[in-house]
Amino acid sequence: MQTSQTPKVELTPAQIAEFHERGFLAIPQISTPEEVEQLRGIFDRLFAQKAGRAEGAQFDMVTHDDDDNTPQALPAIINPVNFAPELRDTIFRSNAGHIARQLLGPSVTASFEHAILKPPRYGAATPWHQDEATRVDANFDYEQLSIWMPLQEATLENGCMQYIPGTHQQDVLPHRSPKSDPKIHAIECAGGFDPADAIPCPLPSGGAVMHLGRTLHYAGPNNSDIPRRAYILAFEIPPKPSTRQRDFYWNREKQTAGLDRKRRWRKQGGILIEFGRKLRGGLWRHPSRIVFEARRAIRALLGRAT
Ligand code: NI
């Protein structure tokens, strides 16, 4: 996705070296106070409307997410830009794209974005996980980057990000559904690390943390009186078919209400809308993504998770 903005944030060689050594990096600013204020308004509107719910793009990460009156403890919206076109052209996107090219090289492409809300006094913790473990198709090699921006201050009290340094150098660890319940969307790392090694990353509003697909991370509950909103832009090198056998079985087991809504929506013609969005998002400009996207489309047509 192209923006009309010129990138203004440039990582220094020392920051790039720190990122590759620890698997994450915090920076004090990636957007402007004016833009962050606008984004807060957009996020509050999208979450109040539960934008994207009918197509499975809005769900709660840690409850059964039924359409009853249970309050959402960790509501999320996948690709919020599909429901608020004004998110296309932001300073955040311009700077994040530039940083992604600095960290992963010129073949990097935007892959995904995510809006997450932790409601005041009620927002749940985000379990320890590696982002790569959420990939449904384990038959590819992934090299991915997430850039996470809080839309207000992020503190230990309201659920700032926490990382375990060096974990990006390991492979994907076994994960599972919280409480071994496949109706819960989130996954959690099943072990093989010590949470006492965590480094919390409090940030000012409009700052950012960035991490690789295997860097273990967590965010605590929101014990404060203000909503904790975060906007994540994800990037990746086009995934290449893998020569090794891996199985992310914890994703195959999922039976979430959000996935049911997505399947229903796709059957009713949503699959064409999805394809149109990919074309508009510049899929055709990246021929190296075609094998990956074709497999994903086949899975979608078969009614599987993608
Ligand atoms: Ni994550």
request  = Please arrange 18, 86, 37, 293 by accessible surface area, largest first, computed with a 1.4 Å probe and ligands excluded.
outcome  = 37, 86, 18, 293
ask   = Quick one: how many Å² of residue 217 are accessible to a 1.4 Å probe, rounded to 10?
value = 10 Å²
ask   = Going by a ≥ b ≥ c, the root eigenvalues of the Cα gyration tensor, does segment 144-200 fall in the rounded group (a/c under 1.5), the prolate group (a/b larger than b/c) or the oblate group?
value = oblate
key: Cα-based Rg of segment 48-169 normalised by 2.2 N^0.38 Å, two decimals   = 1.16
task = Please give the FRET efficiency for residue 290 paired with residue 254, using the beta carbon to beta carbon distance and R0 = 35 Å, rounded to the nearest 0.05.
result = 0.85
request  = Starting from the Cα of residue 84, step 7 Å along the direction of its Cβ; do the same at residue 49; then give the gap between the two resulting points in nm.
outcome  = 1.0 nm
query = If you count, for each residue, the other Cβ atoms within 10 Å and average over each peptide, how do 253-263, 296-306 line up from highest to lowest?
reply = 253-263, 296-306
ask   = At residue 223 and residue 4, where each label point lies 7 Å from the Cα along Cα→Cβ, what is the point-to-point distance in nanometres?
value = 4.5 nm
task = Would you please classify the overall shape of segment 228-297 from the alpha carbon gyration tensor, given that a ≥ b ≥ c denote the square roots of the eigenvalues, rounded means a/c under 1.5, and beyond that prolate means a/b larger than b/c while oblate covers the rest?
result = rounded
task = Name the long-range amide H neighbours of residue 228: under 5 Å, sequence gap of 5 or more, or other chain; modelled H, no Pro or chain starts.
result = 118
task = For segment 95-106, just list the computed ³J(HN,Hα) in residue order, Karplus coefficients 6.51, -1.76 and 1.60, θ = phi - 60°, integers in Hz, with x standing in for Gly and Pro.
result = 5, 5, x, 5, 4, 4, 5, 5, 8, 10, x, x
remark   = Taking only the alpha carbons of segment 171-275, the radius of gyration and the largest Cα-Cα distance, Dmax, both in angstrom, are 17.4, 49
Residue 271-residue 190 FRET efficiency (beta carbon distance; Förster radius 35 Å; 0.05 resolution) = 0.55
request  = Please report, largest first and rounded to whole Å, the three semi-axes of the ellipsoid equivalent to the chain, where each semi-axis is the square root of five times an eigenvalue of the C-alpha gyration tensor.
outcome  = 25, 23, 22
ask   = Can you pull the Rg over Rh of segment 23-70, Cα-only, Kirkwood?
value = 1.13
ask   = By the scheme Lys and Arg +1, Asp and Glu -1, what is the net charge of all other residues having a beta-carbon under 10 Å from that of residue 126?
value = 0
request  = Starting from segment 168-272, pick out the chymotrypsin sites (Phe, Trp or Tyr not before Pro) whose DSSP state is loop and whose Cβ has at most 10 other Cβ atoms within 10 Å.
outcome  = none
key: Per-residue HN-Hα couplings for segment 238-246 [Karplus 6.51, -1.76, 1.60; θ = phi - 60°; Hz; x = Gly/Pro]   = x, x, 10, x, 8, 9, 10, 8, 9
task = Using a Förster distance of 35 angstrom, determine the FRET efficiency expected from the C-beta separation of residue 18 and residue 156, and round it to 0.05.
result = 0.95
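Normalising by the residue count of segment 13-301, find the relative contact order in percent from Cα pairs under 8 Å and 6+ residues apart.
Computed value for segment 13-301: 28 percent relative contact order.
Among 183/254; 118/183; 118/254; 240/267; 179/254, which pairs are too far apart, with a Cα-Cα distance over 18 Å? Don't skip to the end; give the middle numbers.
On the way: 183/254 6 Å; 118/183 20 Å; 118/254 23 Å; 240/267 29 Å; 179/254 13 Å.
Those over the limit are 118/183; 118/254; 240/267.
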ask   = What residues have an amide H closer than 5 Å to that of residue 246, excluding those fewer than 5 places away on the same chain, when H is modeled at 1.01 Å from N in the peptide plane?
value = none
query = Sequence-distant or interchain residues sharing an amide H contact under 5 Å with residue 128, placed H: which?
reply = 189
note = Karplus-derived 3J(HN,Hα) from phi for segment 264-277 (6.51 cos²θ - 1.76 cosθ + 1.60, θ = phi - 60°), whole Hz, x at Gly and Pro, runs 4, 4, 4, 4, 8, x, x, 4, 6, 4, 4, 5, x, 4
message = Could you tell me how far the Cα centroid of segment 201-265 sits from the Cα centroid of segment 104-123, in Å?
response = 7 Å
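The values are calculated or read from the model by the stated rules, or taken from the named source; none is laboratory data. Note that the structure is a prediction, hence the values are computed from the model and not measured. Because the Cβ atoms are built from the backbone with ideal geometry, glycine has one as well, and the counts that use them run over all protein chains shown. Heads up: the accessible areas ignore ligands, DNA and RNA and are worked out on the full protein's heavy atoms, side chains in. Shrake-Rupley method; radii C 1.70, N 1.55, O 1.52, S 1.80 Å.
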